[in-house]
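One structure below.
The values are calculated or read from the model by the stated rules, or taken from the named source; none is laboratory data. As the structure is a computational prediction, the values presented were derived from the model and not from experiment. Cβ sites come from the backbone with ideal geometry, for glycine too, and all protein chains shown count toward neighbours.
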Amino acid sequence: MNERVKSWKPFLQRWAITTLGVLVAANIVRGIRYDTVPGLLAASLLLGILNAFLKPVMLVLSLPLLVASLGFFTLFINAFLLFVVGQLVKSFHVETFGAAFWGGLLISVVSIATNALLGTPDSRIPIRRSRRDGRPRPPQDGGNGPVIDV
C-alpha cells in the first residue's frame with residue numbers, strides 16, 4: 001500500500017464510522033432525516049470536522065458542568081453539534097434538540113461499538129515503567145509490552 005493511501009486510511013475509516021452512526025440515527029430517531037446520500041455524507045463529514053475542532057474547545061469551556069454532571073453534559077455538547085449540522089447542511093434535517101440528543105447518543109454508541117469491532121490502530125496505550133530514581137525498569141515481558149510515559 002503506498003504512503004498516500006496509508007495517510008488517508010485513518011481519516012476515511014473515522015468518516016465511514018461516523019457516516020454509519022449518522023445513517024443509523026437517521027433511520028431510528030424520529031426527527032432526524034436526510035434527503036440524499038451526498039447530504040448524509042456531507043453531514044457526517046461536517047460532524048467529524050466539528051467534533052475534531054469545536055468539541056474540544058466546548059469541553060474545556062464547560063469543564064465545571066462536565067465535572068458537576070460526571071461527564072453527562074458531554075451528551076448535550078454532542079446534541080448541540082448534531083443540531084448545528086442539521087442547520088448547516090440543507091439536505092440533512094434535525095428537527096428538535098431532543099431528536100439531536102437521542103441521535104447524538106445513538107451515533108456515539110454506534111461509533112464505540114464499530115471502533116471496538118474494527119480495532120482502530122490509535123486505540124493502544126503504551127505504558128513505560130520507571131524506578132523512583134528515574135532509571136527505567138527492566139521489561140518483564142521482553143520489552144514487547146505497552147508503554148506509557150509518566
Task: Residues of segment 63-75 satisfying the condition of being surrounded by fewer than 16 Cβ atoms within 10 Å (Cβ to Cβ) and either touching a residue at least 12 places away in the same chain (Cβ under 8 Å) or touching a Lys or Arg at 6+ places or on another chain (Cβ under 6 Å) (or both) - done: Leu75
Task: Failed item in (1) under 14 Å from the mean Cα position of the chain (by Cα); (2) more than 22 Å from Glu95 (Cβ to Cβ), with Trp8 passing the rest - done: (1)
TODO: Tell me which residues, restricted to segment 9-50, are farther than 19 Å from Asn115 by Cα, of a type outside the set (A, V, I, L, M, F, W, C) and surrounded by 13 or more Cβ atoms within 10 Å (Cβ to Cβ).
DONE: Gly31, Arg33, Tyr34, Gly39
TODO: Output the number of the condition that Lys6 fails; it satisfies all remaining conditions of (1) surrounded by 16 or more Cβ atoms within 10 Å (Cβ to Cβ); (2) in a helix (DSSP H, G or I); (3) charged (D, E, K, R).
DONE: (1)
- [ ] May I ask you to list pairs of residues, at least six apart or on different chains, whose Cβ atoms are under 7 Å apart, with the first in segment 18-39 being of a type in the set (Phe, Trp, Tyr) and the second being assigned to a helix (DSSP H, G or I)?
- [x] Tyr34/Ala26; Tyr34/Leu40; Tyr34/Ala43
Task: Sole residue being modelled with pLDDT of 95 or more, over 14 Å from Ile107 (Cβ atoms) and of a type in the set (A, V, I, L, M, F, W, C), chosen from Leu61, Leu40, Leu23, Leu81 - done: Leu61
Task: Count - residues of segment 76-96 that are in a loop (DSSP other than H, G, I, E, B) and either more than 26 Å from Thr19 (Cβ to Cβ) or free of Cβ contacts under 8 Å to residues at least 60 places away in the same chain (or both) - done: 3
